[in-house]
1. Report whether or not D289 is part of a loop (DSSP other than H, G, I, E, B), touching a residue at least 24 places away in the same chain (Cβ under 8 Å) and among the charged types (D, E, K, R).
2. Is it the case, given these coordinates, that A241 is surrounded by 15 or more Cβ atoms within 10 Å (Cβ to Cβ) and either farther than 20 Å from R265 by Cβ or in contact with a strand residue (DSSP E or B) (Cβ under 9 Å, 6 or more places away or on another chain) (or both)?
3. What residue, among those in the range 42-89 that are charged (D, E, K, R), surrounded by fewer than 22 Cβ atoms within 10 Å (Cβ to Cβ) and within 13 Å of the ligand (Cβ to nearest atom), is nearest to A7 (Cα to Cα)?
4. For F121, are the conditions met, namely being among the hydrophobic types (A, V, I, L, M, F, W, C) and over 19 Å from Q84 (Cα atoms)?
5. Just give me the residues in the range 190-238 being in contact with a strand residue (DSSP E or B) (Cβ under 6 Å, 6 or more places away or on another chain) and in a loop (DSSP other than H, G, I, E, B), in sequence order.
6. Identify all residues within the range 20-43 that are hydrophobic (A, V, I, L, M, F, W, C) and farther than 24 Å from G76 by Cβ; write none if there are none.
7. Return the residues of the range 34-82 that are farther than 27 Å from L254 by Cβ and part of a loop (DSSP other than H, G, I, E, B); say none if nothing qualifies.
8. Can you name the number of the only condition in (1) more than 12 Å from the ligand (Cβ to nearest atom); (2) surrounded by fewer than 20 Cβ atoms within 10 Å (Cβ to Cβ); (3) over 19 Å from the mean Cα position of the chain (by Cα); (4) among the small types (G, A, S) that A96 fails?
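The values are calculated or read from the model by the stated rules, or taken from the named source; none is laboratory data. This one's a predicted model, so the numbers in the text were calculated from it and none came from an experiment. Note that each Cβ is placed from the backbone with ideal geometry, even for glycine, and that neighbours are counted across all protein chains shown.
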Amino acid sequence: MILIVGATGVLGRATARKLLNQGHAVRALVRDRARAEDLRKAGAEIVVGDLTDPPSLSRACKGMQRVFACAHSMLGRGAQSSAQVDHVGHSALVVAAREANVEHFVYTSMLGAREDHPIDFVRTKFEIEGVVRDSGMGFTILRPSAFMEHHVHRFIGQMLLDKGFVVLIGPATKPRNFVAVRDVAPFAVVALTEDGLNGRTVEIGGPDNVSNSEIAHMYAVRARKGRIFHLPQPVARAAAAAIRPLHEGVARVLDISMLDERQMRETWQPSKLLAEFPLRLTSVDAFIDERVAEWRRRRGTARRT
Ligand SMILES: NC(=O)c1ccc[n+]([C@@H]2O[C@H](COP(=O)([O-])OP(=O)(O)OC[C@H]3O[C@@H](n4cnc5c(N)ncnc54)[C@H](OP(=O)(O)O)[C@@H]3O)[C@@H](O)[C@H]2O)c1
């Protein structure tokens, strides 16, 4: 049986659904049962727990052969801070899995994780990679680039479509790689059900490197509307400093959006991945086409009702 920690997130949910469709037994550790109702209906066993509650991790790991760690708390604060969830919580999850004799641990890190990264969240990813490698369990580490679902649509396109405008931080011209979760989940499924990715660290990205500004324009052209505002970097920097004592997660996101290419390179080329795995990766263009078509359908339905 496979335990998924983070099953209500975009990657966790997509992976759980694929595993269930293929007939695998899935247990989902979730904080809020109601958010996992669709997974329960699809056949998953739902257990309530939290990465900040070690006994709940031990209970969840009992009887599991494989574990998929795909939760995070980049935007968290207080008891749910990134330090508590991404560092302490994930270390506790590795211990709980090892004590439960889990055979294989799949950890979701991120592209560009490194020891001296300027962002604490990314340094934590690098550190937990080491904890997983040294755990004695079989392991696979996934290092995806930014998910299109969040970074293309939720943070840019959705606002532009629904509100008619979007606010970008600074010139937003830094090229970034984006990947669709539908292209990441199959790697998680293979790591959780086969042995070919054992001991591997796999970088997974999409075919395009584009800037946030280009993304906003791609939505605006398709929707034939949308004003694009740019928050000057000094203002964003002052906002991050003011928010930091109140909400470290929001300050972190502002910090990340102001790092230049030298500080945080976000481009990636798919040639090596495609040489090993002949895939058809989702382009940013195709992804935005789908989101805009959905928006048109929803708008049409809303007008008719
Ligand atoms: N998003 C990206 O662009 C991106 C890029 C590279 C790597 N990654 C990594 O990929 C993985 C999946 O990301 P995602 O974007 O799919 O996540 P997501 O959609 O933001 O969802 C986060 C998940 O973490 C769960 N979670 C948060 N705090 C928790 C806690 N204390 N205990 C248990 N579960 C907790 C959430 O549960 P609730 O539903 O209860 O909130 C949710 O299921 C993460 O490890 C992330 O760091 C993401």
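1. Judged against the criteria, D289 is not a match.
2. No, not satisfied.
3. Going through the qualifying residues, I end up with D50.
4. So F121 does not fit the description; no.
5. L197, N198, G205, G206
6. Correct list: L20, A25, V26, A42.
7. A42, G43, A44, G49, D53, K62, G63, M64, Q65
8. A96 satisfies every listed condition except (2).
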